[in-house]
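The values are calculated or read from the model by the stated rules, or taken from the named source; none is laboratory data. Keep in mind that this is a model prediction, so the values were computed, not measured. Neighbour counts are summed over all protein chains in view; Cβ atoms, including those assigned to glycine, are modelled from backbone coordinates with ideal geometry. The accessibility values were calculated without ligands, DNA or RNA, using every heavy atom of the protein model including side chains. Shrake-Rupley method; radii C 1.70, N 1.55, O 1.52, S 1.80 Å.
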Amino acid sequence: MPPTALAVVTSDATTRHPGLTVIPHALRFRRFSLRVLTLLLGLLFATLMATYVVVSSANDSNARDHARANLELAARIVQSAIRQRLDFLASSASVMAGDDALKQVLRTGDNRTLASLLQSYTQRVGAPVIALYDADGQPLASSEPGMDDENTGPFRSLIRTALGKDLAESSGFAYLRNKLHVLIVVPLYAPHPNIFGWFGLAFPIDRAFAEKIKDTTHVELTYLSLDSPQQPHLLATTLGQAAIPTVVNAAAIANQARADHLPRPATEIIDLPDDRYVTLTWFQAMLGANPVALVLQRPLSPELAPARELENSLLLTALAAFAVATLLALVIARGVSQPVRQLAAHTQTIAAGDYATRITLDRADELGQLADAMNSMSAGLAERDQVRDLLDKNVSPEVAAQLMRDGAALGGEEREVTILFADLRGFTTLSEKLPPPELLALLNRYLDRMSGAIEAHGGVIDKFIGDAIMALFGAPVTQDAPADRALAAALEMERALVSLNAELATEGRPPLAIGVGVNTARVVAGNIGSHRRLNYSVIGDGVNVAARLQSETRKPEYGANIITSAATLAACRRLAESGLPVSAFSFRPLGYAQVKGRAEPVEIYAVS
Amino acid sequence: MPRIFLHSPAPVLACLLAFTCHTSRLAAGNVVVIVKDTKGQPVTDAVVSLIPLEASAPAPLHPPVEPVVISQHGEEFDPYVTVVAVGTHVSFPNLDSIRHQVYSLSKTKPFEIPLYGSGTEQSILFDRPGIVALGCNIHDWMSAYLVVVETPHFMKTAGDGVARLAELPAGRYRLDVWHPRLAGESRRDLVVAAADAATQTISVTLKPDRRIRRAPDGAGGGYK
Ligand SMILES: [Cu+2]
């Protein structure tokens, strides 16, 4: 799983509370699968693109290398073509030297006839320029009428070189009539090794030559004069007119770099109107002039054509892979999001309180485990709900809640509570008059009303003891003004009984009467019982006092249904002094009552 | 044995020839020969000759007294094609300021005139019938043909491809047509009647012209 997606998912899970409606969940899961899909496809796309770029650039540099190799080969072919031509001219010269007609003409010393004979030779040999010099390099005749000193100069320079180095031939590049030529001088022996004079032969490096090289090498050739280095001028080219200015500029720059002895790349790429050209620039030394630039160029696109084909098929493969990956990712994402959506929906069911429905995901993976865990959770929740239900009926909701919260542990704590004891008077007489089911129905009706009055004031029913009720205020849950609440509950019980009695009167039954004792004391509160069965309750002297106060209400001389102790009165007063709102009770002192097991009598009051 | 003449123009020679023919026979006819190529274009410089087939004795040739002239002018032969009867002297005057070296390796008459300039003329006797291809050792592009025939009845076609042969004694003849570029042979028999003016149209197949062209003046024959 990619880290980013994980981060997003966890943050969602932690920051959002579950239990929202189903629709946003579904939307979010759809987005999640979309993210996974996007990420996977993004990664795949990036990989494919990277591959494509790597292959493409490898192809590019490959094509350049190939073009450069071709250009270097072409440069060697140019040299070789020139060399072959020179060799041919040299051997032609030796054949010419053996021509009897030449010897006859030379004997006459008639240089004009010699010139016309040389014209014949130009056709035989295919060299446009043939000149003859004497042994000292003085011009005798030339196939070209009016070859002046400037034009014969390069030949004479070659003759001097050949003489100086005792060479059988000498060649070089020069301008003849401002056109680029390759020149060669060959001795005219008469007889060997006596040098009578020198043949000077030349052929032009022109467009025809360049085209011929292009035919064999498929390389564009351009010769540029560097006589004015800033503005090279064109000597010969195979290129179209539109390309020439660019090539001329590039040659000027290359020449500057050469002149400055700067490092130059073997080849460079020049953009010409029709294509990008791999370009190799050579500099050819000249006889008595600045060098000429030989620019060899090869278009890049034909070189790249096979590579482009490869790249295209690579691209097609990549697209196919991408499409397949998209389908697969969709299937996988659906395989993940479908059960997750199911689980989410099931969570909604559980949140709505349905613990009975089970989810079935037929998978062995983590999602399957999650489904099992959810089913276990549903079972657990159902069980807990059942327990809670039973608990609610057997103990008060507050006790049940505290049990649910704190667990049913043995033990206890000392705290101040207000204990209320209520007893139905004359119940024994009643029980003799009524049949048991009716009796129990009446009792339950009575207890229900009393419980309602107690709970209305925050009291907790501790237990029913036959027709008697024991209720606690301030335990097990601490609450404000427990004494006040207990007295209010007692008065409420009185009123509830009045209304119950009115109902009973209409039913033709005798009225009921109660006695209530309320005491406030520090007692021990906690779960009391065995490990199997526990009761939350309070124990202590204060409980006995409360029961005792309840039984005091039976004394007719007090004329009171509700009797409380001085401790409760004091608690009510503390409350009033603390400034909290208190109920208005009237306390009528009844004196002191003796409680069994207590040395000191208890000061008691009637409450109304 | 070479003899030296002052050169004389060709038309005079032709008149002379015609006159001789006219006087030799009484009953005579004319033949007009039109030479065309396969495209119907007139062929210039075709040599037309009529050889009598029935004569008991060979017709007298009457070669001219003055040599026929093939000059060198502007580093070319002039004319390109010349036809003469057996026994004719031909001179090769050089009208140029440079020298030439005329030769032939043809079996009809192998010869060479060593390198010579203007002012001197050498004439050569052509005593056997046949084709003589002429060249110059100095100038490869110089080329000419001399056709030596064994009959007094011959003519070269002009620009219109027409050759007129007049004053032909009546009788059977073999008509030969030759041209430097002729493919194969072209000959036919024909009968010439007195006062006849028959027209013979002859179609010939010519090979392409492969003469060396002189290089244009100045630089740049170009790379070949
Ligand atoms: Cu000549």
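When the other protein chains are added to the chain by itself, burial of at least 40 square angstrom of heavy-atom accessible area (probe 1.4 Å, ligands and nucleic acids ignored) affects these residues of the range B:131-160: B:138, B:140, B:141. Going from the chain on its own to the full set of protein chains, the range B:97-122 has these residues losing 30 Å² or more of accessible surface (heavy atoms, 1.4 Å probe, no ligands, DNA or RNA): B:97, B:98, B:99, B:101, B:115. The share of C-alpha pairs in the protein assembly as shown whose separation exceeds 52 Å stands at 62 percent.
Computed with a 1.4 Å probe on the full set of protein chains, the accessible area for residue B:73 sits at about 110 Å². Please list, or write none, the lysines whose alpha carbon is within less than 20 Å of the alpha carbon of residue B:36, excluding same-chain residues fewer than 8 places away. Partners found: B:156, B:207. For the chain pair B and A, the buried solvent-accessible surface (1.4 Å probe, both sides summed) amounts to about 2100 Å².
Here the range A:107-260 is assigned +1 on the Cβ of each Lys and Arg and -1 on the Cβ of each Asp and Glu. Its dipole about the Cα centre then comes out at about 220 debye. Solvent-accessible surface of protein heavy atoms, probed at 1.4 angstrom with all chains present, puts A:309, A:503 in the order A:309, A:503, largest first. Just the protein heavy atoms count here, and of the accessible area of the range B:84-224 at 1.4 Å, carbon and sulfur take up 49 percent. Within the accessible surface of chain A, defined with a 1.4 Å probe on protein heavy atoms only, the carbon and sulfur portion equals 58 percent. Accessible surface computed residue by residue for the protein assembly as shown, with neighbouring protein chains in place and a 1.4 Å probe, gives 51 Å² per residue.
Taken over the alpha carbons of the range A:220-302 as equal point scatterers, the Debye sum produces base-10 log I(q)/I(0) values at 0.16, 0.22, 0.26 Å⁻¹ of -0.55, -1.03, -1.39. Local charge for residue A:124 was computed over the other residues whose Cβ lies under 10 Å away, with Lys and Arg +1 and Asp and Glu -1, and equals -2. Heavy-atom accessible area for residue A:80, with the other protein chains in place and a 1.4 Å probe, reaches approximately 50 Å².
Order these peptides, B:145-153, A:89-97, A:583-591, by their mean beta-carbon neighbour count within 10 angstrom, highest first. Walk me through the numbers before you get to the answer.
Values: B:145-153: 21.6, A:89-97: 18.4, A:583-591: 12.9.
In descending order of packing, they fall as B:145-153, A:89-97, A:583-591.
Of the beta bridges in the range B:61-150, as assigned by DSSP with both residues counted there, near 70 percent are antiparallel.
Any idea what the dipole of the range A:407-607 comes to, in debye rounded to 20, about its Cα centre with Lys/Arg Cβ at +1 and Asp/Glu Cβ at -1?
260 debye
Considering only DSSP beta bridges where both residues belong to the protein assembly as shown, give the percentage that are antiparallel (nearest 5). Don't jump to the answer; show the numbers that get you there.
Values: 131 of 150 bridges.
Looking only at bridges with both residues in the protein assembly as shown, the antiparallel portion is about 85 percent.
Partner lysines whose Cα lies under 29 Å from the Cα of residue A:212, excluding those fewer than 8 positions away in the same chain, are identified as A:179, B:224.
Residues A:322, A:196, B:111 ordered from highest to lowest accessible area at a 1.4 Å probe: A:196, A:322, B:111. Peptide A:113-123 is shielded by partner chain Cβ atoms: per residue, an average of 6 of them sit within 10 Å of its Cβ. If you take all other residues with their beta carbon under 13 Å from the beta carbon of residue A:522, and give Lys and Arg +1 and Asp and Glu -1, the sum is -3.
Kindly identify the range A:353-392 as rounded, prolate or oblate by the Cα gyration tensor criterion: order the square roots of the eigenvalues as a ≥ b ≥ c, call it rounded if a/c is under 1.5, otherwise compare a/b with b/c, prolate if a/b is larger, else oblate.
Working: a/c = 5.34, a/b = 3.12, b/c = 1.71.
Prolate, because a/c is 1.5 or more and a/b exceeds b/c.
Rolling a 1.4 Å probe over the protein heavy atoms leaves residue A:387 with an accessible area of roughly 80 Å².
Listed peptides B:179-186, A:479-486, A:272-279 appear in the order A:479-486, A:272-279, B:179-186 once ranked by packing, highest mean of other Cβ atoms within 10 Å at the front. For residue A:596, the aspartates and glutamates whose Cα comes closer than 14 Å to its Cα, not counting residues fewer than 8 places off in the same chain, are A:541, A:552. Sequence gap at least 6, Cα distance under 8 Å: using those rules, report the relative contact order of chain A to the nearest whole percent. With pairs under 8 Å counted, the relative contact order is 10 percent.
Contact residues in the range A:207-222 (at least 30 Å² less accessible area with all protein chains than alone, 1.4 Å probe): A:212. Sorted largest first by accessible area at a 1.4 angstrom probe radius, with every protein chain in place, the residues B:162, A:460, A:336 fall in the order A:336, B:162, A:460.
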